[in-house]
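The values are calculated or read from the model by the stated rules, or taken from the named source; none is laboratory data. Just so you know, these numbers come straight off a predicted model, no measurement behind them. Here the Cβ positions follow ideal geometry from the backbone for every residue, glycine too, while neighbour counts run over all protein chains shown. Side chains included, ligands, DNA and RNA excluded: accessible areas come from the protein's heavy atoms. Shrake-Rupley method; radii C 1.70, N 1.55, O 1.52, S 1.80 Å.
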Amino acid sequence: MKKAFRKIHLWLSVPFGLIITVICLSGAALVFEDEVTELCRRDLYYVEKVSGAPLPVEYLIEKVAGTLPDSVAVTGVSISSDAERAYQVNLSKPRRASVYVDQYTGEVKGRHERAPFFLTMFKLHRWLLDGMKPDGGIFWGKMIVGVSTLMFVFVLISGIVIWWPRTKKALKNSLKITVGKGRRRFWYDLHVAGGMYALVLLLAMALTGLTWSFSWYRAGFYKVFGVEMKQRAGHGALQTVHGTLQTAHGTPQTAHGGKSGRNSSEEGRGNREHTSPYACWQQVYEELKARNAGYKQITVSNGSASVSFERFGNQRAADRYAFNPQDGEITEVTLYKDTDASGKMRGWIYSVHVGSWGGMFTRILTFIAALLGGTLPLTGYYLWLRRIRLI
(Lines give C-alpha, C1' and ligand atoms only; values in the text may rest on other atoms or scores of the structure.)
Protein backbone atom coordinates (compact mmCIF):
# COMPACT_ATOMS: atom_id res chain seq x y z
CA MET A 1 0.00 0.00 0.00
CA LYS A 2 2.78 2.43 0.93
CA LYS A 3 4.50 1.66 -2.36
CA ALA A 4 1.40 2.78 -4.29
CA PHE A 5 1.11 5.94 -2.22
CA ARG A 6 4.81 6.70 -2.79
CA LYS A 7 4.19 6.64 -6.54
CA ILE A 8 1.12 8.87 -6.19
CA HIS A 9 3.08 11.26 -3.98
CA LEU A 10 5.94 11.46 -6.49
CA TRP A 11 3.89 11.62 -9.69
CA LEU A 12 1.78 14.48 -8.35
CA SER A 13 4.59 16.37 -6.65
CA VAL A 14 6.98 16.56 -9.59
CA PRO A 15 4.68 18.33 -12.10
CA PHE A 16 2.78 20.48 -9.58
CA GLY A 17 5.48 21.14 -6.97
CA LEU A 18 6.73 24.53 -8.19
CA ILE A 19 3.20 25.86 -8.63
CA ILE A 20 2.35 24.74 -5.09
CA THR A 21 5.42 26.57 -3.81
CA VAL A 22 4.33 29.77 -5.58
CA ILE A 23 0.78 29.48 -4.20
CA CYS A 24 1.96 28.86 -0.62
CA LEU A 25 4.63 31.57 -0.51
CA SER A 26 2.40 34.21 -2.13
CA GLY A 27 -0.35 33.27 0.33
CA ALA A 28 2.06 33.67 3.24
CA ALA A 29 2.94 37.16 1.96
CA LEU A 30 -0.74 38.16 2.15
CA VAL A 31 -1.38 37.07 5.76
CA PHE A 32 -0.20 40.35 7.30
CA GLU A 33 -0.99 42.65 4.39
CA ASP A 34 -3.20 44.98 6.45
CA GLU A 35 -0.66 45.38 9.23
CA VAL A 36 2.23 46.05 6.84
CA THR A 37 0.17 48.49 4.77
CA GLU A 38 -0.99 50.45 7.83
CA LEU A 39 2.53 50.53 9.21
CA CYS A 40 3.89 51.98 5.97
CA ARG A 41 1.00 54.44 5.51
CA ARG A 42 0.06 55.27 9.10
CA ASP A 43 -0.54 58.89 8.10
CA LEU A 44 -3.39 57.75 5.84
CA TYR A 45 -5.19 55.36 8.18
CA TYR A 46 -4.74 57.17 11.51
CA VAL A 47 -5.41 60.68 12.78
CA GLU A 48 -4.10 62.76 15.64
CA LYS A 49 -7.00 62.77 18.09
CA VAL A 50 -8.00 66.22 19.19
CA SER A 51 -10.25 67.36 22.01
CA GLY A 52 -13.94 67.51 21.23
CA ALA A 53 -16.30 65.34 19.25
CA PRO A 54 -15.78 64.31 15.61
CA LEU A 55 -17.40 66.42 12.90
CA PRO A 56 -20.83 65.31 11.62
CA VAL A 57 -20.78 62.45 9.14
CA GLU A 58 -22.80 64.47 6.61
CA TYR A 59 -20.20 67.25 6.60
CA LEU A 60 -17.30 64.80 6.18
CA ILE A 61 -18.97 63.00 3.29
CA GLU A 62 -19.78 66.28 1.56
CA LYS A 63 -16.10 67.18 1.85
CA VAL A 64 -15.11 63.89 0.20
CA ALA A 65 -17.86 64.09 -2.43
CA GLY A 66 -16.59 67.51 -3.47
CA THR A 67 -13.25 65.97 -4.46
CA LEU A 68 -14.73 63.20 -6.62
CA PRO A 69 -15.35 63.15 -10.37
CA ASP A 70 -18.95 63.03 -11.55
CA SER A 71 -18.70 59.33 -12.38
CA VAL A 72 -17.83 58.29 -8.80
CA ALA A 73 -20.32 58.23 -5.92
CA VAL A 74 -20.07 57.90 -2.15
CA THR A 75 -21.73 54.63 -1.13
CA GLY A 76 -21.06 54.43 2.59
CA VAL A 77 -18.88 55.28 5.56
CA SER A 78 -17.08 52.89 7.93
CA ILE A 79 -16.34 54.11 11.45
CA SER A 80 -14.01 52.24 13.79
CA SER A 81 -14.38 52.07 17.56
CA ASP A 82 -10.76 53.26 17.70
CA ALA A 83 -11.02 57.04 18.00
CA GLU A 84 -7.63 57.45 16.31
CA ARG A 85 -8.56 55.62 13.11
CA ALA A 86 -9.67 57.85 10.24
CA TYR A 87 -13.17 57.46 8.84
CA GLN A 88 -13.28 55.33 5.70
CA VAL A 89 -15.60 56.70 3.02
CA ASN A 90 -16.48 53.98 0.51
CA LEU A 91 -16.78 54.76 -3.20
CA SER A 92 -18.81 53.26 -6.03
CA LYS A 93 -15.78 52.53 -8.21
CA PRO A 94 -13.35 51.11 -8.80
CA ARG A 95 -14.20 48.00 -6.82
CA ARG A 96 -13.46 48.34 -3.09
CA ALA A 97 -12.23 51.91 -3.53
CA SER A 98 -12.33 54.20 -0.50
CA VAL A 99 -11.07 57.54 0.76
CA TYR A 100 -9.92 58.32 4.30
CA VAL A 101 -10.93 61.53 6.02
CA ASP A 102 -9.86 63.05 9.35
CA GLN A 103 -13.05 63.12 11.42
CA TYR A 104 -11.75 65.93 13.66
CA THR A 105 -10.51 68.39 11.04
CA GLY A 106 -12.36 67.34 7.89
CA GLU A 107 -9.09 66.87 5.99
CA VAL A 108 -9.39 64.40 3.11
CA LYS A 109 -6.27 62.35 3.75
CA GLY A 110 -6.18 60.35 0.54
CA ARG A 111 -7.41 57.31 -1.30
CA HIS A 112 -6.72 53.75 -0.28
CA GLU A 113 -4.74 51.88 -2.90
CA ARG A 114 -3.48 48.34 -2.63
CA ALA A 115 0.30 48.29 -2.64
CA PRO A 116 1.72 46.96 -5.94
CA PHE A 117 3.61 44.21 -4.09
CA PHE A 118 0.49 42.84 -2.39
CA LEU A 119 -1.58 43.22 -5.54
CA THR A 120 1.00 41.14 -7.39
CA MET A 121 1.04 38.54 -4.61
CA PHE A 122 -2.76 38.34 -4.70
CA LYS A 123 -2.86 37.84 -8.48
CA LEU A 124 -0.06 35.30 -8.20
CA HIS A 125 -1.85 33.44 -5.41
CA ARG A 126 -5.22 33.32 -7.14
CA TRP A 127 -4.48 33.30 -10.85
CA LEU A 128 -0.69 33.02 -11.42
CA LEU A 129 -0.83 36.60 -12.76
CA ASP A 130 -3.36 35.62 -15.39
CA GLY A 131 -6.57 37.61 -15.91
CA MET A 132 -10.17 36.87 -16.79
CA LYS A 133 -10.68 36.83 -20.55
CA PRO A 134 -12.99 39.60 -21.83
CA ASP A 135 -14.38 37.21 -24.46
CA GLY A 136 -15.23 34.57 -21.86
CA GLY A 137 -12.35 32.30 -22.79
CA ILE A 138 -10.76 29.79 -20.43
CA PHE A 139 -9.33 31.40 -17.32
CA TRP A 140 -6.15 29.33 -17.39
CA GLY A 141 -4.47 30.87 -14.37
CA LYS A 142 -7.45 30.22 -12.12
CA MET A 143 -7.80 26.67 -13.45
CA ILE A 144 -4.12 25.84 -12.97
CA VAL A 145 -4.19 27.16 -9.39
CA GLY A 146 -7.33 25.14 -8.68
CA VAL A 147 -5.98 21.90 -10.12
CA SER A 148 -2.62 22.35 -8.37
CA THR A 149 -4.35 22.99 -5.04
CA LEU A 150 -6.47 19.87 -5.49
CA MET A 151 -3.35 17.84 -6.26
CA PHE A 152 -1.72 19.34 -3.17
CA VAL A 153 -4.47 17.81 -1.05
CA PHE A 154 -3.64 14.36 -2.42
CA VAL A 155 0.09 14.99 -1.97
CA LEU A 156 -0.42 15.85 1.69
CA ILE A 157 -2.64 12.83 2.36
CA SER A 158 -0.29 10.43 0.55
CA GLY A 159 2.66 11.91 2.46
CA ILE A 160 1.02 11.14 5.77
CA VAL A 161 0.33 7.55 4.67
CA ILE A 162 3.97 7.16 3.66
CA TRP A 163 5.66 8.73 6.67
CA TRP A 164 3.25 8.40 9.57
CA PRO A 165 5.15 6.35 12.19
CA ARG A 166 3.73 3.26 13.85
CA THR A 167 4.86 4.00 17.42
CA LYS A 168 4.92 7.06 19.68
CA LYS A 169 8.70 6.85 19.90
CA ALA A 170 9.00 6.85 16.13
CA LEU A 171 6.57 9.79 15.93
CA LYS A 172 8.71 11.75 18.37
CA ASN A 173 11.78 11.14 16.22
CA SER A 174 9.87 12.08 13.05
CA LEU A 175 9.06 15.49 14.51
CA LYS A 176 12.73 16.35 15.03
CA ILE A 177 14.81 18.31 12.55
CA THR A 178 18.45 17.27 12.80
CA VAL A 179 21.09 19.82 11.85
CA GLY A 180 24.44 18.14 12.50
CA LYS A 181 24.14 14.92 10.47
CA GLY A 182 24.64 16.10 6.94
CA ARG A 183 22.73 18.04 4.31
CA ARG A 184 20.59 15.16 3.12
CA ARG A 185 19.42 14.29 6.63
CA PHE A 186 18.54 17.94 7.29
CA TRP A 187 16.44 18.26 4.11
CA TYR A 188 14.78 14.91 4.80
CA ASP A 189 13.81 15.94 8.34
CA LEU A 190 12.60 19.33 7.13
CA HIS A 191 10.43 17.64 4.52
CA VAL A 192 8.91 15.05 6.85
CA ALA A 193 8.67 17.04 10.08
CA GLY A 194 7.65 20.24 8.28
CA GLY A 195 4.85 18.40 6.56
CA MET A 196 3.60 16.91 9.83
CA TYR A 197 3.69 20.20 11.71
CA ALA A 198 1.83 22.07 8.99
CA LEU A 199 -0.47 19.28 7.82
CA VAL A 200 -3.74 20.34 9.44
CA LEU A 201 -3.44 24.02 8.54
CA LEU A 202 -2.29 23.28 4.99
CA LEU A 203 -5.24 20.96 4.46
CA ALA A 204 -7.59 23.60 5.89
CA MET A 205 -6.18 26.27 3.57
CA ALA A 206 -6.28 24.00 0.52
CA LEU A 207 -9.78 22.64 1.11
CA THR A 208 -11.25 26.10 1.71
CA GLY A 209 -9.27 27.69 -1.12
CA LEU A 210 -10.76 25.24 -3.62
CA THR A 211 -14.20 26.80 -3.08
CA TRP A 212 -13.01 29.82 -5.11
CA SER A 213 -11.70 27.66 -7.94
CA PHE A 214 -14.49 25.23 -8.80
CA SER A 215 -18.27 25.68 -8.54
CA TRP A 216 -18.82 21.91 -8.34
CA TYR A 217 -16.42 21.68 -5.42
CA ARG A 218 -18.05 24.63 -3.67
CA ALA A 219 -21.48 23.00 -3.97
CA GLY A 220 -20.12 19.74 -2.57
CA PHE A 221 -18.26 21.52 0.23
CA TYR A 222 -21.44 23.25 1.36
CA LYS A 223 -23.39 20.00 1.17
CA VAL A 224 -20.85 18.17 3.37
CA PHE A 225 -21.55 20.72 6.11
CA GLY A 226 -25.29 20.44 5.59
CA VAL A 227 -25.63 23.92 4.09
CA GLU A 228 -27.78 24.73 1.10
CA MET A 229 -25.81 27.01 -1.17
CA LYS A 230 -27.73 29.93 -2.61
CA GLN A 231 -27.44 30.36 -6.33
CA ARG A 232 -25.29 33.36 -7.13
CA ALA A 233 -24.60 34.81 -10.54
CA GLY A 234 -21.10 35.06 -11.92
CA HIS A 235 -18.27 37.43 -11.18
CA GLY A 236 -19.53 40.86 -10.21
CA ALA A 237 -23.20 39.83 -10.04
CA LEU A 238 -25.58 41.97 -8.03
CA GLN A 239 -27.53 40.96 -4.95
CA THR A 240 -30.14 42.98 -3.09
CA VAL A 241 -29.41 43.46 0.62
CA HIS A 242 -31.69 45.65 2.72
CA GLY A 243 -32.47 48.04 -0.13
CA THR A 244 -28.87 48.31 -1.34
CA LEU A 245 -27.26 46.62 -4.28
CA GLN A 246 -24.02 44.85 -3.57
CA THR A 247 -21.61 43.20 -5.92
CA ALA A 248 -20.57 39.62 -5.32
CA HIS A 249 -17.53 41.08 -3.54
CA GLY A 250 -19.57 43.28 -1.23
CA THR A 251 -19.13 46.75 -2.73
CA PRO A 252 -22.36 48.66 -2.07
CA GLN A 253 -24.15 50.77 -4.60
CA THR A 254 -27.36 52.75 -4.37
CA ALA A 255 -30.46 50.63 -4.77
CA HIS A 256 -32.13 52.65 -7.50
CA GLY A 257 -29.03 53.43 -9.54
CA GLY A 258 -29.06 56.96 -8.21
CA LYS A 259 -25.81 58.79 -7.66
CA SER A 260 -25.26 59.64 -4.04
CA GLY A 261 -21.98 61.47 -4.56
CA ARG A 262 -20.94 64.79 -6.00
CA ASN A 263 -24.07 65.48 -8.05
CA SER A 264 -26.28 65.04 -5.00
CA SER A 265 -24.17 67.44 -2.96
CA GLU A 266 -24.25 70.02 -5.77
CA GLU A 267 -28.03 69.76 -5.99
CA GLY A 268 -28.21 70.18 -2.23
CA ARG A 269 -26.12 73.35 -2.41
CA GLY A 270 -28.22 74.67 -5.28
CA ASN A 271 -31.60 73.92 -3.74
CA ARG A 272 -31.73 73.64 0.03
CA GLU A 273 -35.22 72.18 -0.14
CA HIS A 274 -33.59 68.92 -1.24
CA THR A 275 -32.38 66.91 1.73
CA SER A 276 -28.84 65.52 1.59
CA PRO A 277 -28.84 61.73 1.19
CA TYR A 278 -26.43 61.58 4.14
CA ALA A 279 -28.51 63.72 6.50
CA CYS A 280 -29.57 60.86 8.77
CA TRP A 281 -26.37 58.80 8.63
CA GLN A 282 -25.01 60.44 11.77
CA GLN A 283 -28.25 59.64 13.57
CA VAL A 284 -28.11 55.98 12.49
CA TYR A 285 -24.47 55.72 13.54
CA GLU A 286 -25.17 57.21 16.99
CA GLU A 287 -28.10 54.86 17.55
CA LEU A 288 -26.17 51.75 16.53
CA LYS A 289 -23.21 52.84 18.65
CA ALA A 290 -25.51 53.17 21.68
CA ARG A 291 -27.11 49.79 20.98
CA ASN A 292 -23.87 47.85 20.51
CA ALA A 293 -21.33 48.20 23.28
CA GLY A 294 -17.97 46.72 22.34
CA TYR A 295 -18.44 47.05 18.59
CA LYS A 296 -15.43 46.97 16.26
CA GLN A 297 -16.76 48.88 13.27
CA ILE A 298 -20.04 50.43 12.12
CA THR A 299 -20.71 50.88 8.42
CA VAL A 300 -23.60 53.04 7.21
CA SER A 301 -24.74 53.23 3.60
CA ASN A 302 -27.91 54.20 1.75
CA GLY A 303 -30.72 52.56 3.74
CA SER A 304 -28.59 49.88 5.38
CA ALA A 305 -25.94 49.51 8.05
CA SER A 306 -23.81 46.80 9.64
CA VAL A 307 -22.07 46.37 12.99
CA SER A 308 -19.08 44.06 13.40
CA PHE A 309 -17.41 42.98 16.63
CA GLU A 310 -13.91 42.02 17.77
CA ARG A 311 -14.39 38.32 18.44
CA PHE A 312 -13.07 34.91 17.46
CA GLY A 313 -14.66 32.85 14.71
CA ASN A 314 -16.12 34.24 11.50
CA GLN A 315 -14.31 37.54 11.00
CA ARG A 316 -16.93 38.66 8.50
CA ALA A 317 -19.75 38.24 10.99
CA ALA A 318 -21.90 41.34 11.40
CA ASP A 319 -25.34 42.37 12.61
CA ARG A 320 -27.24 44.09 9.80
CA TYR A 321 -29.82 46.85 9.94
CA ALA A 322 -32.15 48.54 7.48
CA PHE A 323 -33.33 52.11 8.01
CA ASN A 324 -35.55 54.68 6.38
CA PRO A 325 -33.24 57.03 4.41
CA GLN A 326 -35.66 59.91 4.96
CA ASP A 327 -35.72 59.98 8.77
CA GLY A 328 -33.13 57.39 9.89
CA GLU A 329 -35.67 55.13 11.62
CA ILE A 330 -34.39 51.55 12.03
CA THR A 331 -36.92 49.38 10.20
CA GLU A 332 -35.29 45.94 10.21
CA VAL A 333 -32.70 44.09 12.29
CA THR A 334 -30.92 40.89 11.23
CA LEU A 335 -28.55 39.63 13.89
CA TYR A 336 -25.63 37.48 12.81
CA LYS A 337 -26.85 34.60 14.96
CA ASP A 338 -30.08 34.59 12.93
CA THR A 339 -28.33 34.77 9.54
CA ASP A 340 -28.90 31.83 7.20
CA ALA A 341 -26.26 29.11 7.24
CA SER A 342 -25.15 29.89 3.68
CA GLY A 343 -24.15 33.43 4.63
CA LYS A 344 -22.27 32.22 7.69
CA MET A 345 -20.45 29.55 5.69
CA ARG A 346 -18.93 32.06 3.25
CA GLY A 347 -17.47 34.04 6.15
CA TRP A 348 -16.15 30.92 7.87
CA ILE A 349 -14.46 29.71 4.67
CA TYR A 350 -12.61 33.00 4.35
CA SER A 351 -11.67 33.16 8.04
CA VAL A 352 -10.29 29.62 8.06
CA HIS A 353 -8.45 30.11 4.77
CA VAL A 354 -6.58 33.22 5.96
CA GLY A 355 -6.24 31.98 9.56
CA SER A 356 -8.05 34.94 11.14
CA TRP A 357 -10.66 32.87 13.01
CA GLY A 358 -8.55 32.62 16.17
CA GLY A 359 -7.03 36.09 16.18
CA MET A 360 -3.36 36.91 15.88
CA PHE A 361 -2.22 33.51 17.21
CA THR A 362 -3.87 31.50 14.41
CA ARG A 363 -2.73 34.03 11.82
CA ILE A 364 0.89 33.53 12.91
CA LEU A 365 0.43 29.75 12.73
CA THR A 366 -1.12 30.10 9.27
CA PHE A 367 1.81 32.23 8.12
CA ILE A 368 4.33 29.65 9.36
CA ALA A 369 2.33 26.77 7.85
CA ALA A 370 2.20 28.54 4.46
CA LEU A 371 5.97 29.06 4.54
CA LEU A 372 6.51 25.39 5.39
CA GLY A 373 4.08 24.44 2.62
CA GLY A 374 6.20 26.42 0.18
CA THR A 375 9.35 24.52 1.23
CA LEU A 376 7.85 21.01 0.95
CA PRO A 377 8.09 20.75 -2.85
CA LEU A 378 11.62 22.20 -2.82
CA THR A 379 12.90 19.74 -0.22
CA GLY A 380 11.03 16.97 -2.03
CA TYR A 381 12.72 17.85 -5.33
CA TYR A 382 16.10 17.76 -3.60
CA LEU A 383 15.49 14.31 -2.09
CA TRP A 384 14.15 12.96 -5.38
CA LEU A 385 17.10 14.26 -7.41
CA ARG A 386 19.50 12.80 -4.86
CA ARG A 387 17.75 9.46 -5.08
CA ILE A 388 18.02 9.28 -8.86
CA ARG A 389 21.62 10.53 -8.59
CA LEU A 390 21.19 13.72 -10.58
CA ILE A 391 22.82 15.76 -7.81
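Determine if segment 284-298 includes at least one residue that is under 14 Å from VAL57 (Cα atoms), under 20 Å from the mean Cα position of the chain (by Cα), open to solvent by less than 10 Å² (accessible area, probe 1.4 Å) and of a type in the set (A, V, I, L, M, F, W, C). Within segment 284-298, one or more residues are under 14 Å from VAL57 (Cα atoms), under 20 Å from the mean Cα position of the chain (by Cα), open to solvent by less than 10 Å² (accessible area, probe 1.4 Å) and of a type in the set (A, V, I, L, M, F, W, C).
Is at least one residue of segment 9-24 among the small types (Gly, Ala, Ser) and open to solvent by less than 70 Å² (accessible area, probe 1.4 Å)?
Step one: filter segment 9-24 for residues among the small types (Gly, Ala, Ser), giving 13, 17.
This time we only want the ones that are open to solvent by less than 70 Å² (accessible area, probe 1.4 Å), so: 13, 17.
Looking through segment 9-24, at least one residue is among the small types (Gly, Ala, Ser) and open to solvent by less than 70 Å² (accessible area, probe 1.4 Å).
Restricting PHE221, PHE214 to those that are under 20 Å from the mean Cα position of the chain (by Cα), more than 22 Å from SER26 (Cα to Cα) and modelled with pLDDT of 95 or more reduces the list to PHE221. Only a single criterion out of (1) among the aliphatic types (A, V, I, L, M); (2) part of a loop (DSSP other than H, G, I, E, B); (3) free of Cβ contacts under 8 Å to residues at least 40 places away in the same chain is not satisfied by MET132, namely (3).
Among the residues of segment 299-326, those that are of a type in the set (Gly, Ala, Ser), under 23 Å from GLU84 (Cβ atoms) and within 18 Å of the chain's Cα centre (by Cα) comprise SER306, SER308, ALA318. Could you check PHE117 against (1) open to solvent by less than 80 Å² (accessible area, probe 1.4 Å); (2) under 30 Å from GLU84 (Cα atoms); (3) at pLDDT 95 or above and say which number it fails? Every listed condition holds for PHE117 apart from (1). Within segment 199-216, track down each residue that is within 15 Å of VAL147 (Cα to Cα), touching a residue at least 24 places away in the same chain (Cβ under 8 Å) and in a helix (DSSP H, G or I). Answer for segment 199-216, where residues must be within 15 Å of VAL147 (Cα to Cα), touching a residue at least 24 places away in the same chain (Cβ under 8 Å) and in a helix (DSSP H, G or I): LEU203, MET205, ALA206, LEU207, THR208, GLY209, LEU210, THR211, TRP212. Report, by residue number, each residue of segment 159-182 that is touching a helix residue (DSSP H, G or I) at 6+ places or on another chain (Cβ under 7 Å) and either free of Cβ contacts under 8 Å to residues at least 60 places away in the same chain or loosely packed, with under 14 Cβ neighbours inside 10 Å (or both). Listed by number, the residues that qualify are ILE160, TRP163, PRO165, SER174, LEU175, LYS176, ILE177, THR178, VAL179. Taking every residue in segment 39-66 that is under 17 Å from VAL108 (Cβ atoms) and pairing it with any residue that is of a type in the set (D, E, K, R) and in a helix (DSSP H, G or I), at least 6 positions away or on another chain, the pairs with Cβ-Cβ distances below 7 Å are TYR45/GLU38; ALA65/ARG262; GLY66/ARG262.
Pairs are defined by a Cβ separation below 9 Å, a sequence spacing of at least 6 or placement on different chains, a first member in segment 183-198 that is within 15 Å of LEU171 (Cα to Cα) and assigned to a helix (DSSP H, G or I), and a second member that is of a type in the set (Lys, Arg) and open to solvent by 70 Å² or more (accessible area, probe 1.4 Å); the pairs so defined are ASP189/LYS176; ASP189/LYS181; ALA193/LYS176. Show the residue pairs that are 6+ apart or on different chains and have beta-carbon atoms under 8 Å apart, the first residue being within segment 1-23 and in contact (Cβ under 8 Å) with a residue 12 or more places away in the chain and closer than 16 Å to GLY374 by Cβ, the second being open to solvent by 40 Å² or more (accessible area, probe 1.4 Å) and polar (S, T, N, Q). That search, which allows pairs on different chains as well, returns THR21/THR375. With respect to the conditions (1) out of contact with any helix residue (DSSP H, G or I) (no Cβ under 7 Å at 6 or more places or on another chain); (2) surrounded by 14 or more Cβ atoms within 10 Å (Cβ to Cβ); (3) within 27 Å of LEU30 (Cβ to Cβ), ALA322 falls short on a single one, namely (3). Those residues that are part of a loop (DSSP other than H, G, I, E, B), open to solvent by less than 60 Å² (accessible area, probe 1.4 Å), in contact with a strand residue (DSSP E or B) (Cβ under 8 Å, 6 or more places away or on another chain) and not aliphatic (A, V, I, L, M), I need them from segment 55-97; list them, please. SER92 - this is the single residue of segment 55-97 that is part of a loop (DSSP other than H, G, I, E, B), open to solvent by less than 60 Å² (accessible area, probe 1.4 Å), in contact with a strand residue (DSSP E or B) (Cβ under 8 Å, 6 or more places away or on another chain) and not aliphatic (A, V, I, L, M). Every listed requirement among (1) over 19 Å from ILE20 (Cβ atoms); (2) modelled with pLDDT of 95 or more is met by LEU378 save one, (1).
Can you pull out the residues in segment 334-359 that are among the hydrophobic types (A, V, I, L, M, F, W, C) and surrounded by 13 or more Cβ atoms within 10 Å (Cβ to Cβ)? Outline the logic, then answer.
So in segment 334-359, the residues among the hydrophobic types (A, V, I, L, M, F, W, C) come out as 335, 341, 345, 348-349, 352, 354, 357.
Listed by number, the residues that qualify are ALA341, MET345, TRP348, ILE349, VAL352, VAL354, TRP357.
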